[in-house]
Amino acid sequence: MPAAAATTTCPVHFLGLHGLNEESDLRSPPINATWKTFESSVAAKAARPIRNLIFFPKVTTQDFLDKTYKSETGVEPDVNAGVSAVQHAMDRAVRQCPSTKFVLAGYSLGAWVVDKFLLTDSRRRPLVLAAQLYGDPQWNDPGKGQGLAVILGRSLRSPYPPFADRVQSLCNHRDPVCGTGYRAGIADLSLRVLDLDKSVKCPGGAHCYSGRSTTQGGKFLASRVNVDWNNRTYGLTCDDIVSKAVPVTVRNGKGTARGSGIGDYDRWQVQTQRIARGTVPSLGDVTAVLFSCSPQPSNFRLQELRVYRTTDGREVGRTPTFQVDELSPQYQPDTVRFSEGRLLADVKFYGPGDSHATGPSILRHVTWRWDGSRFVKQSEIDARKPERTDLSRHRVTVNGIGPLRMGMTRSEAEQAIGSRIPEGPGGPDCKDLSVEGGPEGLLLRFSNDDRLVAIYVLSPASISTASGIHRGSTRDEVLTTYAGEIKEPNTDELVFTPSGAQFQGKVITFALNDNGDVDRFIAGEEEFAVPLPCGSD
């Protein structure tokens, strides 16, 4: 296959993979809605995108269950047929225009197809700019749920979602296919099988995706097409080895700089390490790109962090070089992000006893702000790890749980409890993240501007509120406990709205099951204290 070039010479191709009970992507409401948003959101300067039709076998829910339980291979042959269909469509497009790039959208069984394609086809994978998944059987987040493929022993056994730098995955609450809202493992398997038929009936079923979900998915795909951050030309200084920026063209995230402008070196080897999107006051939507630069011949590696306008790729600034007497510090790529209009990263610095061989040992949280003309360092805080807090021993209030308080950033929350809060999939306004090491069934809801906005307790957690209400408490117990401060918006929910002025704007929402008992509850800012996962309709 010819090497992929930038997306400016060929239109981007959209490949949609249909789900259970669907005959093709043309008859898939989530895929059609995603395509519509994607097509209308691609920037005017980009070539009009093309939609390729992808055909692979229709699998009904009953087929899915029969094959899963009775066949040694399960639905893998159908998944493999979908992978082959993607490969053939890509090959046809590339033969017609060698620099063609692709975006993928996979729903239900089609999401499984996308997962397997990305994990197994290293030759074609670099041609994929982004992928959007809905209701994925391979969903695997023990803190939120696990997909049917995972709990039935057919997991692809990889970090989820695969290649998170270019894949976004959404799972509705109580969608039995991807499993959010059900207990992990086989504990709720029989219940999920019973729920499967009714959940796939659209509209209204938990396995249906439309509205905000598909709008978010289409815009996510379009954002990766408007500027292909891993395939373009940048101006770099290799962290100020030279004073004048040198043009470096990267393809699939890697590039080489040569010539008289790179100092006393034969070449620079450059790689993009992190791409993070956010908003900054007066700048709007921006994207940060962390570069690694290795001058050759040498045995060291430098980094520089630059920020660009997301819509057109114009550079707006970079973080200043660290002025240190020791070896240059090292950005931790996964930590680069925007929060509340600021740019943040964890950076390791060399101490007196550190060497080039051992690496840096002093971890610091660094924050930069935009002062109207450039990025300036706002703070640099040592990140000594505190003692780990066992949150299962604490009770939930509208203001938080244990040392966690509403309004904290994810970094501040990690510091407060002494545990990592790994990044995960989310929705248009927020994301529900689990704490590394548990407790299982406790989720921390962060807004997309990186504020802790709610504490979500669901199966199998036994954590209670400060007043002693927990999963399994009866409706009457809730009404008695919070007498005079309860609203009942519908028969399935009770909302505790404390009357104190210090609690204004904060609530606890209790979701009830068919027996009238508390199934789950969420506490925090009223706008976000909704007992559905982020990304649900």
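The values are calculated or read from the model by the stated rules, or taken from the named source; none is laboratory data. All values derive from a computational prediction rather than experimental measurement. FYI the Cβ positions are ideal-geometry reconstructions off the backbone, even for glycines, and counts take in every protein chain you see. Protein only, heavy atoms only, side chains kept; ligands, DNA and RNA dropped before computing areas. Shrake-Rupley method; radii C 1.70, N 1.55, O 1.52, S 1.80 Å.
Residues that are closer than 14 Å to Val336 by Cα, surrounded by 20 or more Cβ atoms within 10 Å (Cβ to Cβ) and either touching a residue at least 24 places away in the same chain (Cβ under 8 Å) or touching a helix residue (DSSP H, G or I) at 6+ places or on another chain (Cβ under 8 Å) (or both) within the range 255-294 comprise Thr272, Arg274, Ala276, Gly278, Val286, Thr287, Ala288, Val289, Leu290, Phe291, listed in sequence order. If you go through the range 348-382 one residue at a time, how many are in a strand (DSSP E or B), open to solvent by 40 Å² or more (accessible area, probe 1.4 Å) and at pLDDT below 85? Final tally of qualifying residues: 3. Ser473 falls short on exactly one of the conditions (1) in contact (Cβ under 8 Å) with a residue 40 or more places away in the chain; (2) loosely packed, with under 15 Cβ neighbours inside 10 Å; (3) polar (S, T, N, Q), and that condition is (2).
Screening Glu315 with (1) touching a residue at least 60 places away in the same chain (Cβ under 8 Å); (2) more than 18 Å from Arg369 (Cβ to Cβ); (3) exposed (fewer than 15 other Cβ atoms within 10 Å of the Cβ) gives one miss only, at (2).
For the range 23-63, a residue qualifies if it is open to solvent by 20 Å² or more (accessible area, probe 1.4 Å), assigned to a loop (DSSP other than H, G, I, E, B) and closer than 19 Å to Gly82 by Cα, and the qualifying residues are Glu23, Leu53, Phe55, Pro57, Lys58, Thr60. Against the conditions (1) assigned to a strand (DSSP E or B); (2) open to solvent by 30 Å² or more (accessible area, probe 1.4 Å); (3) within 21 Å of Val270 (Cβ to Cβ), Leu305 satisfies every one except (2).
Residues in the range 513-529 that are open to solvent by 20 Å² or more (accessible area, probe 1.4 Å) and in a strand (DSSP E or B) were compared, and the one that is nearest to Ala466 (Cα to Cα) is Arg520. For the range 384-412: of the residues being at pLDDT below 90 and open to solvent by less than 20 Å² (accessible area, probe 1.4 Å), which is nearest to Gly524 (Cα to Cα)? Taking the candidates together, the pick is Thr409. Here Asp429, Asp371, Asp382 are screened, and the one residue that is out of contact with any Pro (no Cβ under 9 Å at 6 or more places or on another chain), more than 30 Å from Leu327 (Cα to Cα) and either acidic (Asp, Glu) or without any contact (Cβ under 8 Å) to a residue 60 or more places away in the chain (or both) is Asp429. Listed conditions (1) farther than 15 Å from Pro425 by Cα; (2) in contact with a Gly (Cβ under 9 Å, 6 or more places away or on another chain); (3) outside any helix (DSSP H, G or I) are all met by Gln132, apart from (1). Applying a threshold of 8 Å to beta carbon distances and a minimum spacing of six or more residues, or different chains, the list of pairs starting in the range 13-29 at a residue that is without any contact (Cβ under 8 Å) to a residue 12 or more places away in the chain and ending at one that is buried (at least 24 other Cβ atoms within 10 Å of the Cβ) reads Arg27/His18.
Residues of the range 200-245 being hydroxyl-bearing (Ser, Thr, Tyr) and touching a Gly at 6+ places or on another chain (Cβ under 9 Å), which ones?
Scanning the range 200-245 gives Tyr209, Ser213, Thr233, Tyr234.
Candidates in the range 487-513 are the residues that are charged (D, E, K, R) and under 19 Å from Thr180 (Cβ atoms); of these, the one that is modelled with the lowest pLDDT is Asp492.
If the condition is being in a loop (DSSP other than H, G, I, E, B) and either surrounded by fewer than 19 Cβ atoms within 10 Å (Cβ to Cβ) or under 24 Å from the mean Cα position of the chain (by Cα) (or both), then the range 176-199 contributes Pro176, Val177, Cys178, Gly179, Thr180, Gly181, Tyr182, Arg183, Ala184, Gly185, Ile186, Ala187.
Suppose we keep only residues that are assigned to a strand (DSSP E or B) and charged (D, E, K, R) within the range 264-287. Which one would you say is farthest from the chain's Cα centre (by Cα)? Checking each candidate, the answer is Arg267.
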